[in-house]
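The values are calculated or read from the model by the stated rules, or taken from the named source; none is laboratory data. As the structure is a prediction and not an experimental result, all values here were calculated from the model. With ideal geometry, Cβ positions are generated from the backbone for all residues, glycine too; neighbour counts draw on all protein chains shown. When the accessible area is computed, the model is the full protein with side chains, heavy atoms only, and any ligands, DNA or RNA have been set aside. Shrake-Rupley method; radii C 1.70, N 1.55, O 1.52, S 1.80 Å.
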Amino acid sequence: MPLLLKGFISAVIIVALSELAKSYAVLSGLLAAMPLTTLLVILWIYVDTRDLATIARFSQSVLWALIPTSLFFAALVVALKKGLSFWPALGFSMVLWMVGALVHIWLLDR
């Protein structure tokens, strides 16, 4: 599948979710929490290669990556509820995610 078409389809989904979030935060959050990005990657891998072993390895990596990703969202929720403004809360959450990701990589390389 052509790269530009993949990019267009992916962008349409992201823009649609961000627009939906303006009026329906819960529904948009539910849809965004679905593995939409992961689903797109799996679809593109399958369409391009039909390599099920690559899809299985990728899916396993995503499964383990949920731990640092959960740290990001938990930190963001707590920081915002504690009154931290948006940019510092986002920065704090990203730093915590990066630390979690580095630990994740270190543990999986052992």
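Quick check: anything in the stretch 46-61 under 18 Å from the mean Cα position of the chain (by Cα), farther than 23 Å from residue 102 by Cα and touching a residue at least 24 places away in the same chain (Cβ under 8 Å)? The answer is no; no qualifying residue exists.
Table: residues versus (1) hydroxyl-bearing (Ser, Thr, Tyr); (2) at pLDDT 90 or above.
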{"position": "21", "(1), (2)": "no, no"}
{"position": "25", "(1), (2)": "no, no"}
{"position": "51", "(1), (2)": "no, yes"}
{"position": "55", "(1), (2)": "no, yes"}
{"position": "70", "(1), (2)": "yes, yes"}
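Scanning the stretch 22-40 for residues that are farther than 20 Å from residue 70 by Cα and open to solvent by less than 50 Å² (accessible area, probe 1.4 Å) turns up just one, 40. Within the stretch 30-53, can one find any residue that is farther than 22 Å from residue 6 by Cβ, assigned to a helix (DSSP H, G or I) and polar (S, T, N, Q)? No, the stretch 30-53 contains no residue that is farther than 22 Å from residue 6 by Cβ, assigned to a helix (DSSP H, G or I) and polar (S, T, N, Q).
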